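Working notes, structure below.
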Amino acid sequence: MGRDVRDITRSPEHFRALRREGLRFRVGPFVAHVRTPFTRLRHDFLETYEGFPLASEAEATTFHLQVRATAPLRRWLRPKLMADAGFAHTPFVPLPGDLGMLAMEMGLNWLVATSSDRFLMFHAGLVERGGKAILMPGASGIGKSTLTAGLSLSGWRFFTDEFGLLDPDTLAFHPHPRPISLKNESIPVLAERVMPERLGRPLHETPKGTIRYLKPPRDALERMADTAPASLILYPNYNPNAKSQVIELPKHEAFAMVRGAAVNCDRLGETAFRALAALTDRCRSFRLIYRSLDQAIRMVSDLMEHAP
Amino acid sequence: MREDARLLLTVLKNPARQAGLSAQAWSQVLYLARACGLLGRVAADAERYGLLDSLAAGVRDQLIGARRVAEMSRARLLWEMDRVRRATLGPDIKIVLLKGAAYVAAGLPCAAGRVSSDIDVLVSRDRLQWLEAALMAAGWQQVKSSDYDQQYYRDWMHELPPLRHPERNAVIDIHHTILPPTSRYKPDPAKLLANARMIDERFAVFADTDLLLHSASHLFADGELRGGLRDLVDQRDLMVEFGKSADFWPRLKARSEELGLARPLAYSLTYAHDLLAAPVPAEALTAARRALPWPPPLRWVMDWCVRAALIPPHLFDRAAGAAVAGELLYIRSHWLRMPPLMLARHLGVKAWRRTLGSRP
């Protein structure tokens with residue numbers, strides 16, 4: 001790694017480093033160190049992670065990940081790969097050789113989910129405007145990533161589409177801007193809103209259908225150290241056949257809902273309970289039913305006008 | 001010795017040295033400590049030495065996280081003990097807490113930052129059924145459902161098939177002795193029970209010598225040693241704590257011979273002393289080491305295996321040696337656990353069921 005280089009670039013140098021000593025880069029409060037011998041994955045990775053800041057020597061690594069062949073011959077012969085974090089009891093599965101990016105992203109997600117108990121973690125999308133963050137919890141497949149991506153292309157700053165990281169002491173959310181994972185029907189919806197080079201190549205026949213990774217916006221990377229407190233908690237629900245609706249949740253229900261979205265609640269105990277209570281107190285919580293992305297963006301803008 | 005292993009051992013021996021670690025050194029220490037299940041311990045040490053605030057933010061974040069997880073684990077363990085106490089109201093029967101639960105209940109230093117997923121207890125063999133029935137009546141359920149597994153545990157193991165409480169997802173292992181009855185080593189559980197000291201009206205913990213002997217025999221006569229550094233840290237801490245009284249070392253030696261555990265103890269004292277600077281008096285060490293294997297080449301092979309396997313290799317630095325050592329120790333652990341014919345039968349059944357596609 002050259003010492004003058006500060007960001008990940010699509011350079012032969014970084015292409016080589018990925019195979020040899022690996023690349024160490026910063027994502028919000030974490031430093032990831034990744035390595036892989038697979039050529040296609042190295043191309044995909046540099047394309048998607050171009051512009052991420054490399055970690056300096058003064059920063060310790062938070063997690064290590066490699067994507068390796070499932071057996072020595074599998075690197076060349078009917079390639080099969082899987083993520084490896086070095087620990088026993090990981091849920092990683094073997095994947096075909098051209099789905100390396102998926103193995104990498106799932107591996108990094110697992111590491112974040114299991115080793116960031118400094119934060120109270122929410123399975124949620126998160127954006128910010130004017131110093132106020134919006135937390136959007138939700139299970140996979142209900143439009144959380146799409147809405148997060150849509151908002152971050154309409155004047156909001158992108159924090160994450162997967163992990164809301166709450167500091168339980170300050171109640172500020174930390175950005176964790178990773179590539180946005182767009183699945184199936186949401187791909188065309190966003191493809192028409194972004195420059196084609198921001199979208200990675202389609203990964204077909206993954207366990208979740210077709211996936212394309214969208215590069216996080218430039219300002220999300222530049223400001224990945226700027227935290228923000230949340231003002232709104234929204235539960236998005238995309239349903240083209242329903243009447244669009246905004247329903248405010250009473251505090252007791254809001255607490256139960258947001259507790260359900262907290263991933264590491266059981267590992268933090270009382271710390272988590274207090275943070276959840278304080279978060280519910282300071283935010284207004286709404287259920288959001290919408291028929292199109294544009295409609296949802298307008299609804300969120302309106303709600304933001306009255307946010308505490 | 002590997003650089004990362006040396007760094008981790010340094011901060012385990014002398015936590016104050018955490019203060020001088022570079023970011024690069026921390027990257028190695030944090031990874032290895034996590035792989036060994038010792039991150040909570042490193043965090044507890046940092047807190048005890050007042051170092052947390054002086055560490056770089058990225059390092060502090062990881063240690064604070066590990067600290068919270070360890071605190072929660074401890075609270076869970078205490079709550080599980082409370083639930084077991086409640087489920088077993090009535091008869092005057094001694095339930096001995098083992099390992100993590102014992103360290104927490106007895107307030108021993110090795111409980112600091114230690115994360116336990118299960119609770120382990122021991123009762124005399126004739127109380128097994130009573131305890132199992134009492135727990136199942138209070139909602140605990142069998143984890144192993146197949147008849148073979150159930151029978152295997154009941155016939156050949158030193159513990160019952162594990163029970164889990166579905167609401168709290170907590171597992172309890174009920175032991176009647178500390179090693180499988182088929183093992184090379186056969187410590188008499190009646191002797192262990194007789195010396196166990198009551199800590200409240202329901203629970204007891206082993207006597208000081210027996211706490212150490214149990215941990216040593218678990219690491220060096222039962223398990224595979226892979227990632228066993230945490231157990232060795234427990235043993236080192238027990239040696240520091242109990243070694244404060246002068247008569248501990250001669251009592252330990254006598255007790256190890258009485259229970260037939262002189263060899264596991266010799267390994268424990270040797271490695272806790274060599275790797276973790278345990279304060280073992282020279283004469284106690286020399287006396288214990290007479291129980292090591294003969295002829296010396298066997299000792300050298302074991303020594304190489306232990307050093308390679310105790311601390312797992314780094315993800316980005318997989319040397320073949322560690323894998324070979326791990327395999328040898330795996331074979332050794334089974335060799336010590338059961339006679340050859342029985343081992344062949346057991347592995348045969350497991351392989352057969354794997355090929356049939358059912359869970360072994």
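The values are calculated or read from the model by the stated rules, or taken from the named source; none is laboratory data. Owing to the predicted nature of the structure, the values given are computational and were not obtained by experimental measurement. Methodologically, a virtual Cβ is constructed for each residue, glycine included, from the backbone with ideal geometry; neighbour enumeration extends over all protein chains shown. Heavy atoms of the whole protein, side chains included, go into the accessibility calculation; ligands, DNA and RNA do not. Shrake-Rupley method; radii C 1.70, N 1.55, O 1.52, S 1.80 Å.
Annotation: the antiparallel percentage among DSSP beta bridges lying fully within the protein assembly as shown is about 70.
When the protein assembly as shown is described by a simple charge dipole with +1 on each Lys and Arg Cβ and -1 on each Asp and Glu Cβ, the residue from A:Pro96, A:Leu303, B:Val42 located farthest towards its positive end is A:Pro96.
Relative to its Kirkwood radius, the Cα radius of gyration of chain B gives an Rg/Rh of 0.96. Out of segment A:1-86, which chymotrypsin sites (Phe, Trp or Tyr not before Pro) are coil in DSSP terms and have no more than 15 other C-beta atoms within 10 Å? Here the chymotrypsin sites (Phe, Trp or Tyr not before Pro) that fit, given the DSSP loop and packing criteria, are A:Trp76. Distance distribution P(r), the protein assembly as shown, all Cα-Cα pairs, bin width 20 angstrom from 0: 16, 45, 32, 6, 0 percent.
In the full protein context, chain A carries 43 Å² of accessible surface per residue, based on a 1.4 Å probe and ignoring ligands, DNA and RNA. What pairs from B:Lys191/B:Lys244; A:Lys132/A:Lys243; A:Lys132/A:Lys183; A:Lys208/B:Lys350; B:Lys13/B:Lys186; A:Lys144/A:Lys251 go past 30 Å between their alpha carbons? Checking Cα-Cα distances, A:Lys208/B:Lys350; B:Lys13/B:Lys186 exceed 30 Å. Segment B:Arg17..B:Asp155, full-extension length gain: 44.8 nm, with 0.36 nm per residue of separation and the alpha-carbon distance subtracted.
For the set A:Thr70, A:Thr36, the ranking by accessible area, highest first and with no ligand, DNA or RNA atoms included, is A:Thr70, A:Thr36 under a 1.4 Å probe. For chain A, the share of accessible area belonging to carbon and sulfur comes to 52 percent (1.4 Å probe, ligands and nucleic acids excluded).
For A:Lys243 and A:Ala113, a Förster radius of 35 Å and the Cβ-Cβ distance give a FRET efficiency of 0.50, rounded to the nearest 0.05.
Between 0 and 90 degrees, rounded to the nearest ten: what's the tilt of helix A:39-49 against the longest Cα principal axis of chain A? With rounding to tens, the tilt is 40 degrees. Within the accessible area of chain B, the carbon and sulfur atoms contribute 55%, probe 1.4 Å, all protein chains present.
With a cut-off of 16 Å on the backbone N, the residues of segment A:36-65 near the modelled label site 7 Å out from A:Val194 along Cα-Cβ are A:44-52.
If you look at the Cα atoms of segment B:101-155, you get an Rg and a Dmax of 14.7, 41 Å. Judged by the ratio a/c of the largest to the smallest principal axis of the C-alpha gyration tensor, chain A counts as prolate, that ratio being 1.5 or greater while a/b is larger than b/c. Counts of other chain beta carbons within 10 angstrom of each beta carbon in peptide B:55-65 average 5.
Largest GNM mean-square fluctuation across A:Ala58, A:Ala225, A:Ala69, computed for chain A with C-alpha springs under 10 Å, falls on A:Ala58.
Loop-located trypsin sites (Lys or Arg not before Pro) across segment A:1-75 with a Cβ neighbour count of 16 or fewer within 10 Å are A:Arg3, A:Arg6, A:Arg10, A:Arg20, with loop assigned by DSSP.
A run of chain B free of exposed loop cleavage sites, with GluC sites (Glu not before Pro) counted only in DSSP states other than H, G, I, E and B and at most 11 other beta carbons within 10 Å, reaches its longest extent at B:1-166. In order along segment B:347-353, the Karplus-derived 3J(HN,Hα) couplings, from 6.51 cos²θ - 1.76 cosθ + 1.60 at θ = phi - 60°, round to 5, x, 4, 4, 5, 4, 5 Hz, and Gly and Pro are given as x.
In chain B, the DSSP beta bridges split such that about 60 percent are antiparallel, to the nearest 5. Computed from the Cβ-Cβ distance with R0 of 35 Å, the FRET efficiency linking A:His252 to A:Asp302 stands at 0.90. How about B:Lys144: which aspartates and glutamates have a C-alpha closer than 17 Å to its C-alpha, ignoring those fewer than 8 places off in the same chain? Leaving aside aspartates and glutamates fewer than 8 places away in the same chain, those within reach of B:Lys144 are B:Asp118, B:Asp120, B:Glu132, B:Asp155, B:Glu159, B:Asp173. In a DSSP loop and with at most 14 other Cβ atoms within 10 Å, there are no chymotrypsin sites (Phe, Trp or Tyr not before Pro) in segment B:152-255.
Rounded to the nearest 20 debye, the dipole size of chain A about its Cα centre is 760 debye, using +1 on the Cβ of Lys and Arg and -1 on the Cβ of Asp and Glu.
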